[in-house]
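Reading through the structure tokens given below for one structure.
The values are calculated or read from the model by the stated rules, or taken from the named source; none is laboratory data. Worth saying up front: this structure is predicted, and the values here are computed from it rather than measured. Reconstructed Cβ throughout: ideal geometry from the backbone, glycine too, with neighbour counts over all protein chains shown. We work out accessible area using only protein heavy atoms, side chains counted, and drop any ligands, DNA or RNA first. Shrake-Rupley method; radii C 1.70, N 1.55, O 1.52, S 1.80 Å.
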Amino acid sequence: MANASSGRAATTSTERGLRDVVAALLRATGETQADLARGIGRDRTQVTRKQGGAGWSIRDLHYLAAHYEMGPADLLRGVDHALASLPEHRRTETVGGTQTTVEGK
């Protein structure tokens, strides 16, 4: 399916949903795009492009699933399902940030 104005393939809701799932899993695991890239055998720029809209392939879907220790279908069922499917040992202690200790005077 092509976008008439740009000649590019139109983004589907499934593709947008997968990007959302990957972003949520990155936050939940405390990984960076560079960490994910190493984990799936890609370079960071490829992951950045895919997350930016270039799209994940079916092959990538299988690599992502193996990396996050779940089935490919779990990644396609939405953010809530993917997060619930993420094994506990893959979760970061602090979601979305780092812990900072502020020492008293």
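The 3J(HN,Hα) values that the Karplus relation (6.51, -1.76, 1.60; θ = phi - 60°) gives for the range 17-30 are, in residue order, x, 5, 4, 5, 4, 4, 4, 5, 5, 4, 5, 5, 9, x Hz. Gly and Pro appear as x. Sequentially through the range 43-60, phi angles give Karplus couplings (6.51, -1.76, 1.60; θ = phi - 60°) of 9, 4, 5, 5, 5, 4, 5, 5, 6, x, x, 5, x, 8, 7, 4, 4, 4 Hz, Gly and Pro residues having no value and appearing as x. Per residue, the range 13-86 exposes 51 Å² of accessible surface when a 1.4 Å probe is rolled over the protein heavy atoms with every protein chain present.
Give me the one-decimal Kirkwood hydrodynamic radius in Å for the range 13-86, with the sum taken over alpha-carbon pairs. Answer for the range 13-86: a Kirkwood hydrodynamic radius of 11.8 Å. Given R₀ = 25 Å, FRET efficiency for ASP80-GLN46 by Cβ-Cβ distance, to 0.05? Computed FRET efficiency for ASP80 and GLN46 comes out at 0.40. Measuring with a 1.4 angstrom probe and ignoring ligands and nucleic acids, ASP43 comes out at about 80 Å² accessible. Across LEU83, LEU26, the residue with the most accessible area heads the list, and the full order at a 1.4 Å probe is LEU83, LEU26.
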